[in-house]
Amino acid sequence: MTRLFNPLVPGFHPDPSVVEAGGAYYLVTSTFEYVPGIPVHRSTDFETWELIGHIGVTADALGVAEVPTGLGVWAPTIRHRDGVFHVIVTIPFSPKRCVVFTATDPAGPWDEGTTIEGIDGIDPDLAWDEEGNAYVTYSGLVLEGDEIGAHKGIQQARVDLRAGKALEPPRSLWSGTGLQFPEAPHVFQHGGLWYLMIAEGGTERGHGVSVARGPSIEGPFAGAPGNPVLSARSTTRPIQNTGHADLVTLPDGGDALVLLGMRPLGATRQFSPLGRETFATRVRWVDGWPRPEPVALDPRPGEEAESFSFAGGGALADPGWIRPRGAPAEVAYQDGGRLVIRGVDGGMAAPTPAFVGRRQRHHISATSVTIDARSGRGGLALRYDEDLFIALEAHGSTVTAVAVVSSLRQEWTATLPPGEITLRIETAPPPAGFGAEARGGDRIRLFAAVGGQERLLTELDGRHWSAESAGGSFTGRVTGMYASEGTVSFGSFSYRGRETG
């Protein structure tokens with residue numbers, strides 16, 4: 001039987017969608033302001049997943065060079081038909097808007113995308129009826145104009161994918177039980193009926209999955225008894241915010257949902273450092289209705305370790321590197337066996353920083369770099385967004401730990417002996433019990449070392465750099481190398497993570 005590891009894809013990977021084709025599964029998630037965007041993960045057994053590429057590898061390809069934080073690439077859906085993979089996605093506040101990308105190989109290359117005129121909303125789904133007509137079903141959130149912020153519920157229109165336009169005015173479909181923000185619709189057939197699965201309740205603790213069914217892709221749809229059929233609200237489950245689900249058949253023949261969720265920490269379970277991740281849960285069919293099981297925590301055992309030495313070429317070719325609003329290669333290059341980053345004014349507070357990072361994927365983690373900062377300022381940073389970050393910044397032999405929470409900034413400085421500096425950020429869950437630290441977020445410790453001499457610059461409460469504190473950023477922690485002035489060079493980068501002590 002297929003084992004559903006949870007998280008299925010750890011670290012910030014929200015709004016998942018999955019499709020099976022040719023004996024393999026392909027999964028895509030939201031990336032908001034980060035580039036490259038829309039990662040494509042592949043698996044043949046639904047247990048081991050490999051990042052094989054991205055759909056948008058530049059900011060221009062996605063239209064995210066100037067999007068506000070938390071906007072950009074929202075909620076892609078991946079589908080396969082007649083040998084072609086389709087990914088439909090909303091990129092609000094960009095020229096792309098509702099856009100469909102296609103490829104014959106999900107590893108790429110993908111085309112430049114076709115904007116679908118007449119689809120005004122978010123979270124688009126793509127499906128075809130028995131006659132081959134294409135339909136886009138979406139959440140009718142108004143993004144501009146006099147009605148900005150209004151919500152028109154779940155909408156649907158028949159479309160011409162080649163011409164890039166809706167062929168009819170949108171119709172309103174079943175929009176849930178009355179909970180806030182009906183969104184993330186997916187339409188599919190099962191047992192001769194059409195089903196409409198949506199999220200409602202908001203993407204925070206009230207998030208849930210509700211479902212309706214009807215005789216055709218256009219409905220009319222009637223809701224399932226007991227909706228929402230899945231929610232973690234008001235429970236003690238370790239995985240909260242469960243919603244935004246897509247249905248898939250597993251290799252063992254059973255059905256499952258892939259969906260987003262969060263793993264809050266602390267005695268009060270209020271703080272989620274890794275943001276919204278991808279999970280999976282099995283589905284039983286009862287009286288023609290899908291009945292998902294509660295999402296069970298089952299992280300992969302052991303330690304994950306990755307290390308990059310920049311002595312050889314091609315280190316930035318690894319698809320795991322990302323950067324806000326710009327490609328990593330725009331600010332970083334390899335020279336003389338080292339990775340060099342050119343500084344950007346504002347450092348980590350810049351909207352498009354000179355920063356090259358990777359998602360934090362475990363609650364227990366250690367990220368380290370070796371750095372030469374004699375020709376500039378830079379170092380190792382943990383980023384939620386440009387207003388919420390932590391940095392270890394080196395300049396010559398001086399290292400300054402910086403913690404920024406909106407307009408609040410605190411610094412701790414140490415002077416080290418001459419030589420190449422090692423910077424390290426460690427994270428660990430808060431202690432058990434009911435003390436002040438137990439009620440907070442994870443513990444973040446910042447170290448600097450030269451040779452065998454190491455200094456702990458500070459220890460921080462990670463609640464301030466969690467999804468709940470970040471509010472509308474919708475992402476998660478990304479840790480990486482950066483420069484704020486001149487040029488700095490890095491000899492290595494390493495990450496180690498696990499979920500248990």
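Tabulated data for the structure shown
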{"item": "Rounded if a/c under 1.5, otherwise prolate or oblate - region 219-269, Cα gyration tensor axes", "result": "oblate"}
{"item": "Relative contact order computed over region 304-498 (Cα-Cα under 8 Å; 6+ residues apart), in percent", "result": "32 percent"}
{"item": "Packing-based exposure ordering (other Cβ within 10 Å, fewest first) of 420, 200", "result": "420, 200"}
{"item": "Relative contact order, percent, the chain [alpha-carbon distance under 8 Å, six or more residues apart]", "result": "14 percent"}
{"item": "Residue 325 long-range amide H proximity, modeled H, under 5 Å", "result": "34, 35"}
{"item": "Centre separation in Å (Cα based) which lies between region 429-501 and region 336-358", "result": "18 Å"}
{"item": "Full-extension gain in nm, residue 133 to residue 249, via 0.36 nm per residue minus C-alpha separation", "result": "39.4 nm"}
{"item": "Shape call, region 340-492: gyration tensor on alpha carbons, a/c limit 1.5", "result": "oblate"}
{"item": "Under-5 Å amide H pairs with residue 271, H placed in peptide plane, nonlocal only", "result": "265"}
{"item": "³J(HN,Hα), Karplus 6.51/-1.76/1.60, whole Hz, each residue of region 68-83, x for Gly, Pro", "result": "x, 4, x, 9, x, 7, 10, 6, x, 10, 10, 9, 10, 8, 6, x"}
{"item": "By average C-beta atoms within 10 angstrom, highest first, the peptides 377-389, 430-442", "result": "377-389, 430-442"}
{"item": "Whole-Hz ³J(HN,Hα) from phi, Karplus 6.51 cos²θ - 1.76 cosθ + 1.60, for region 50-66, glycine and proline x", "result": "10, 7, 9, x, 9, 8, x, 9, 10, 5, 5, 4, 9, x, 10, 4, 10"}
{"item": "Counted charge near residue 187, where neighbours are those whose Cβ lies closer than 10 Å (Asp, Glu -1; Lys, Arg +1)", "result": "-3"}
{"item": "Label-point gap, in nm, between residue 66 and residue 1 - each point 7 angstrom along Cα→Cβ", "result": "5.4 nm"}
{"item": "Net charge of Cβ neighbours under 12 Å - reference residue 128; Lys, Arg +1; Asp, Glu -1", "result": "-2"}
{"item": "Whether the chain is rounded, prolate or oblate, judged on the alpha carbon gyration tensor where a/c under 1.5 counts as rounded", "result": "prolate"}
{"item": "Amide H contacts of residue 233 (H built 1.01 Å from N, under 5 Å, at least 5 apart or other chain)", "result": "none"}
{"item": "At 0.692 mPa s and 37 °C, Stokes D of region 1-124 from Kirkwood alpha-carbon radius, µm² per second", "result": "225 µm²/s"}
{"item": "Label-point separation, residue 142 to residue 342 (7 Å along Cα→Cβ), nm", "result": "4.5 nm"}
{"item": "For the chain, calculated [θ]222 nm from helices alone, where every DSSP H run of n ≥ 4 adds -39500 (n - 2.57)", "result": "0 deg cm²/dmol"}
{"item": "Net charge of Cβ neighbours under 13 Å - reference residue 76; Lys, Arg +1; Asp, Glu -1", "result": "-2"}
{"item": "Rounded FRET efficiency, nearest 0.05, which uses the C-beta distance separating residue 374 from residue 167 and R0 of 60 Å", "result": "0.45"}
{"item": "Rounded to whole Hz, the Karplus (6.51, -1.76, 1.60) HN-Hα couplings of region 331-342, x for glycine and proline", "result": "10, 10, 8, 9, 8, x, x, 9, 9, 10, 10, 8"}
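Only the coordinates and a few stated rules stand behind these numbers; no lab work does. Predicted model only: the values in this text are computed from it and were never measured. As a convention, Cβ positions derive from the backbone with ideal geometry for all residues, glycine included, and neighbour counts pool all protein chains shown.
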